[in-house]
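Q: Please find one structure pasted underneath; my questions will follow.
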Amino acid sequence: MEMNASYTSFVAIGDSFTEGMSDALPDGSYRGWADLLAARLAAREPGFRYANLAVRGKLIGQIVDEQVDAAAAMGADVVTLVGGLNDTLRPKVDMGRVRAHLEAAVERLAPSCKTLVLMRSPGRNGPVMERFRPRMEELFAIVEELAARHGALVVDLYGAPVLADPRLWGVDRLHLTDEGHRRVAEAVWQTLGLPAAEDWRAQLPPATAPGWAVRRADDVKFAREHLLPWVGRRLTGRSSGDGLDPKRPELLPYTPSHS
């Protein structure tokens, strides 16, 4: 991509990662990498427009049904699609159906925008995620294949060791912190061919590991407050996004998130 690329509009679609969890603002709403990227793009382009249709908990089939056509109709310069990871984290998943949904999404979105951006999502180090890693890597292989076929860009967050560092993940161990989202915004910015502000892959400084008692207390709290409710939703087919609307459903001139 050229370093003088101009982008006047941006539509983000997907799930909680693109909605912005766990980059919480003081009013309880979420910001996240897409809002951060939009703010930077808006600073370069007067009249820049932004929509974010992502809703937490959405499976790739729901993203296709509820977000893809709306995003394609907006005719934005940039569209980002990140989806499928929630499917891989379910007790059972049909990866053939995941592939079919992703293909449908990319085939609809690629002709509708100037630049389609896909991602290999970040994966936190830890025992819970190891169980799902083969599925995740199968998903990311599909993403690479579709990007090559349709001329989309791919942001390889999964291949950046720093984004596996537990210090960049929230207390639920499923969503990035504000610093993690900031690095993702920089990664997408650079993938779009815009001048780098920093090395988003730079490792965090070494830290002293917490003692066993602290780790044990954190694990118990995580299991009680986050893991067990998450497992319950997976087993019952419920979603944390049930009944929620997108935070920016229309392609409108950019305004900052509430602070």
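Only the coordinates and a few stated rules stand behind these numbers; no lab work does. These figures come from a predicted structure and were not determined experimentally. When we count neighbours, we look across all protein chains shown, and the Cβ atoms used for this are built from the backbone with ideal geometry, even at glycine.
Q: Mean 1/r over all different Cα pairs, inverted: what Kirkwood radius does the range 133-179 give, in Å?
A: Values: mean 1/r = 0.0815 Å⁻¹.
Kirkwood radius, the range 133-179: 12.3 Å.
Q: Can you give me the distance in nm between label points at E130 and R149, each placed 7 Å from the Cα along the Cα-to-Cβ direction?
A: 3.4
Q: Here's a follow-up. Quick one: Karplus J couplings for the range 150-158, per residue in order, coefficients 6.51, -1.76, 1.60, θ = phi - 60°, nearest Hz, x for Gly and Pro?
A: 10, x, 8, 8, 10, 9, 8, 6, 4
Q: Which aspartates and glutamates, on any chain, are close to K114 with Cα under 12 Å apart, when same-chain ones fewer than 8 places away are left out?
A: Leaving aside aspartates and glutamates fewer than 8 places away in the same chain, those within reach of K114 are D77.
Q: Applying the Karplus parametrisation 6.51 cos²θ - 1.76 cosθ + 1.60 with θ = phi - 60° to the phi angles of the range 13-22, what ³J(HN,Hα) value in whole Hz is obtained for each residue in order, glycine and proline being reported as x?
A: 10, x, 10, 4, 4, 7, 5, x, 5, 10
Q: If amide hydrogens are placed 1.01 Å from N in the peptide plane, which non-local residues have theirs closer than 5 Å to the one on G84?
A: I60
Q: What is the projected area of the convex hull of the Cα atoms of the range 43-155, averaged over all directions, in nm²?
A: Projected over every direction and averaged, the Cα hull of the range 43-155 covers 7.8 nm².
Q: Quick query: amide H of S9 versus all other amide H atoms, modeled in the peptide plane; which residues come in under 5 Å with a sequence gap of 5 or more or a different chain?
A: Residues meeting the amide H criterion: R49, D77, V78.
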